[in-house]
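**Student:** Please find one structure pasted underneath; my questions will follow.
The values are calculated or read from the model by the stated rules, or taken from the named source; none is laboratory data. Just so it is clear, the model here is predicted, and its values are computed rather than measured. Cβ: placed from backbone, ideal geometry, glycine included. Neighbour counts: every protein chain shown. What goes into the accessible areas is simple: the full protein's heavy atoms, side chains included, and nothing from ligands, DNA or RNA. Shrake-Rupley method; radii C 1.70, N 1.55, O 1.52, S 1.80 Å.
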Amino acid sequence: MDINKALKEEHIYEAGTFDVAVIGAGHAGCEAAHAAAQLGLKTVLFTLHLDAVANLPCNPSVGGTAKGQLVREIDALGGIMGKVADRCAIQMRMLNRSKGPAVFSPRAQMDRADYSVVMKELLENTPNLTLRQAHIKDILTENGAVAGVKTEAGGIYRAKAIVLSSGTYMEARTIRGEVIVESGPDGLPRSEGLSSCLKEEGIPLLRFKTGTPVRVNSRSVDFSAMEIQNGEDDIPPFSFDEEMKGYKVMPVSDQIPCHSIWTTEETRQVIKDNMDRSPLYSGVITGTGPRYCPSIEDKFMRFADKERHLIFVEPMGRRTNELYLQGFSTSLPEEVQEKMVRSLPGLKDAVIQRSAYAIEYDLIDPTSLKLSLESKILSGLFSAGQVNGSSGYEEAAGQGIIAGINAAMKVLGKDPVIIYRADGYIGVLIDDLVTKGTNEPYRMMTSRAEYRLFLRQDNADRRLTPIGYKAGLVDEERYNRFCEKLKMIEDETARLGSTYVAPSDELASYLEPLGQTPPKSGVSLAELIKRPGVTYEGLKIIDKDREELPDYVTKSVEVDLKYEGYLALEMAKIEKFRQLESKALPSDIDYDDVKGLRIEARQKLSKMRPENIGRASRISGVSPADCEVLLVYLEALRRKNNE
Ligand SMILES: Cc1cc2nc3c(=O)[nH]c(=O)nc-3n(C[C@H](O)[C@H](O)[C@H](O)COP(=O)(O)OP(=O)(O)OC[C@H]3O[C@@H](n4cnc5c(N)ncnc54)[C@H](O)[C@@H]3O)c2cc1C
């Protein structure tokens, strides 16, 4: 709505003028608001409920496969999720250990209540940032650009840029069997009005669904019927900066274990007997759900050959008995949920404290966004998180920090910060969403990252901290610590490469048990480390003069050396990728004028208007042959312009 028209409405008042307004204090909004405020912009952060800042409405954990990489990247850029997660972790693990450091993924169980309190406290103490509980009903515009927001109470907040991160709230409804309630998650109010205002601006919307399982009271559970899963403490914290300051993950003895169980034949039968009441299969649910996070009834239907399914019983905090049944989300009626839960090992007397439900919500079609996460349709409107079609706290926060930085860059009149697929999982996430779009909640996975050998969790700071520093989000003091770390890694790598050891009994006694043949002549320590099974730690016996270095240095040195050959191949692929990304496509190109392009490619390119050849090549329906045609066309254009 035009701001001048809004100002004429009844019960309206000027509530303040800001540089950036962020709608939603979920995982995306918290990062966006923190980033904009840290960059010196006067920022206001709105939420429907201040006691639900950074709420974890689903699994009370941060990180996991590919998500752990995202958290470390957010931290490397100067974000806050990693720091808050380290402070609120009740169990830590490094996933994918058997698959090698390229896909190591840190994951931590969170104290859900603490996470919200610690995040709110951090934001309340962030200079330039105002938190405000208010229901944003309308995004106001002036001359085709954003100008502010209007609240339910009639407050007009002026802003030069807006970040929409409304998550799973827009026109949301929760579904349990036949019972449908117009509500946000966890019984919180839903967001009303924004969907119609976005539609009026011509912004395309989609409707997705997701779901969550029951929570039960641990006093009513028999853990002896379950498999225990303890945490680990030989892993780094999420935050690089805290790690460099000496922060250590808590010892396993202070961590709270998780447990695992399998569904039973009775579980299958209960679900089978009640499938007619499943809103998923009765058509009540119209929103598209996440393929990689299916409900339990969906698992039994889609994987009928599988007799049973694994469920994780996860603690939700230190001062609560609530347990979360990971992998058991459902939207079947409550009385059926009771029977389903009671069919599980150790839960026959379980007391359900929160029932499971599905939630449907409106979101923006992410192909209407630029790589900066600014809308192609409404200038100054940025969006991040679940409202862009992703699913997951980490995916939301990864977009949030970029949207926040770029909203600030917009106000400051600076170029946006773009993270490319070769820079990080954040780049893969955003590029997939805005270039390919998504027809279901998009969950990050390592298989989505073609350069995953380079995009490891341990080197996220080496890839992204310089970008965060250049943007102004990483301060001098932290950057200096980072540079010291880099220097230590470079020096130690060089020392290992130039330190030769002669064959010796000690070396032989270390190598032979690893199935490694002892060398017959002098060999560098670096060459030795590249051998399977050989570790930096293990070589201590023959490398006695080494200086004591922090784990975060030696671990990186070891991985770099072990992957040296593969990394060189990967860097060559990345160089080719960057070359294609640098081949800009004019924004006003008439694709109908490009001879040799296939019709489908013409249509897709005209709709998506990719900025460069690299992005054009990732649009479904644009073939490598079409890209060759475009390259020839660009070359002819270049020659013509040089005449
Ligand atoms: C039931 C459920 C199950 C889920 N299951 C999974 C899962 O299995 N796996 C997974 O990865 N993720 C799951 N998620 C998703 C996960 O919760 C989200 O991905 C994540 O919370 C998204 O973060 P966000 O910042 O985009 O939005 P949210 O965390 O949803 O936060 C949105 C914020 O916007 C505010 N807001 C919205 N509208 C307005 C308005 N008009 N005015 C003011 N404030 C507004 C809200 O108050 C809130 O602060 C689930 C979510 C729900 C609700």
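**Student:** Among residues belonging to the range 207-225 that are of a type in the set (G, A, S) and more than 12 Å from the ligand (Cβ to nearest atom), point out the one that is surrounded by the fewest Cβ atoms within 10 Å (Cβ to Cβ).
**Tutor:** Step one: of the range 207-225, the residues of a type in the set (G, A, S) are 211, 218, 220, 224-225.
Now narrow it down to the ones that are more than 12 Å from the ligand (Cβ to nearest atom): 218, 220, 224-225.
On the way: S218: 17, S220: 16, S224: 8, A225: 13.
Among those residues, the one meeting the criterion is S224.
**Student:** Residues in the range 618-633 that are over 22 Å from D432 (Cα atoms) and β-branched (V, I, T): how many?
**Tutor:** Residues flagged as over 22 Å from D432 (Cα atoms) and β-branched (V, I, T) within the range 618-633 amount to 2.
**Student:** Select from the range 570-589 the residues that are of a type in the set (K, R) and either assigned to a loop (DSSP other than H, G, I, E, B) or out of contact with any Phe, Trp or Tyr (no Cβ under 9 Å at 6 or more places or on another chain) (or both) and list them in ascending order. Before you say what the answer is, go through the steps one by one.
**Tutor:** Of the residues in the range 570-589, the ones of a type in the set (K, R) are 573, 576, 578, 583.
K576, K583 - these are the residues of the range 570-589 that are of a type in the set (K, R) and either assigned to a loop (DSSP other than H, G, I, E, B) or out of contact with any Phe, Trp or Tyr (no Cβ under 9 Å at 6 or more places or on another chain) (or both).
**Student:** Ok, one more. Please count how many residues of the range 43-69 are closer than 29 Å to E232 by Cβ, within 11 Å of the ligand (Cβ to nearest atom) and assigned to a helix (DSSP H, G or I).
**Tutor:** 1
**Student:** Which of the residues that make up the range 70-106 are assigned to a helix (DSSP H, G or I), free of Cβ contacts under 8 Å to residues at least 40 places away in the same chain and not charged (D, E, K, R)?
**Tutor:** Result: V84, C88, S98.
**Student:** For P290, only one of the following conditions fails: (1) assigned by TED's automatic domain parsing to the domain that holds I80; (2) touching a Pro at 6+ places or on another chain (Cβ under 7 Å). What is its number?
**Tutor:** Single failed check for P290: (1).
**Student:** Scan the range 507-518 and tell me whether some residue there is of a type in the set (V, I, T) and either in contact (Cβ under 8 Å) with a residue 40 or more places away in the chain or open to solvent by less than 60 Å² (accessible area, probe 1.4 Å) (or both).
**Tutor:** No - not one qualifying residue is present in the range 507-518.
**Student:** Also: Go through the residues of the range 358-365 one by one and say whether even a single one is assigned to a loop (DSSP other than H, G, I, E, B) and open to solvent by less than 10 Å² (accessible area, probe 1.4 Å).
**Tutor:** no
**Student:** Still on this structure, please answer the following. Restricting to the range 232-268, count the residues that are charged (D, E, K, R) and either in contact with a His (Cβ under 8 Å, 6 or more places away or on another chain) or not in a helix (DSSP H, G or I) (or both).
**Tutor:** 5
**Student:** Same structure again: Return the residues of the range 181-206 that are over 21 Å from K607 (Cα atoms), touching a residue at least 60 places away in the same chain (Cβ under 8 Å) and surrounded by fewer than 16 Cβ atoms within 10 Å (Cβ to Cβ); say none if nothing qualifies.
**Tutor:** If the condition is that a residue be over 21 Å from K607 (Cα atoms), touching a residue at least 60 places away in the same chain (Cβ under 8 Å) and surrounded by fewer than 16 Cβ atoms within 10 Å (Cβ to Cβ), then P189 is the only one that fits.
**Student:** Which is open to solvent by 70 Å² or more (accessible area, probe 1.4 Å), at pLDDT 95 or above, β-branched (V, I, T) and under 26 Å from A350 (Cβ atoms), of I296, I228, I256, I271?
**Tutor:** On the way: I296 fails: open to solvent by 70 Å² or more (accessible area, probe 1.4 Å); I256 fails: open to solvent by 70 Å² or more (accessible area, probe 1.4 Å); I271 fails: open to solvent by 70 Å² or more (accessible area, probe 1.4 Å).
Going through I296, I228, I256, I271 in turn, the sole match is I228.
**Student:** Another question, if that's okay. May I ask you to list the residues in the range 590-625 that are in a loop (DSSP other than H, G, I, E, B) and closer than 25 Å to Y420 by Cα?
**Tutor:** R609, P610, E611, S617, R618, I619, S620, G621, V622, S623
**Student:** For the range 162-179, which residues satisfy the criterion of being closer than 19 Å to A403 by Cα and more than 8 Å from the ligand (Cβ to nearest atom)?
**Tutor:** Matches in the range 162-179: I162, V163, L164.
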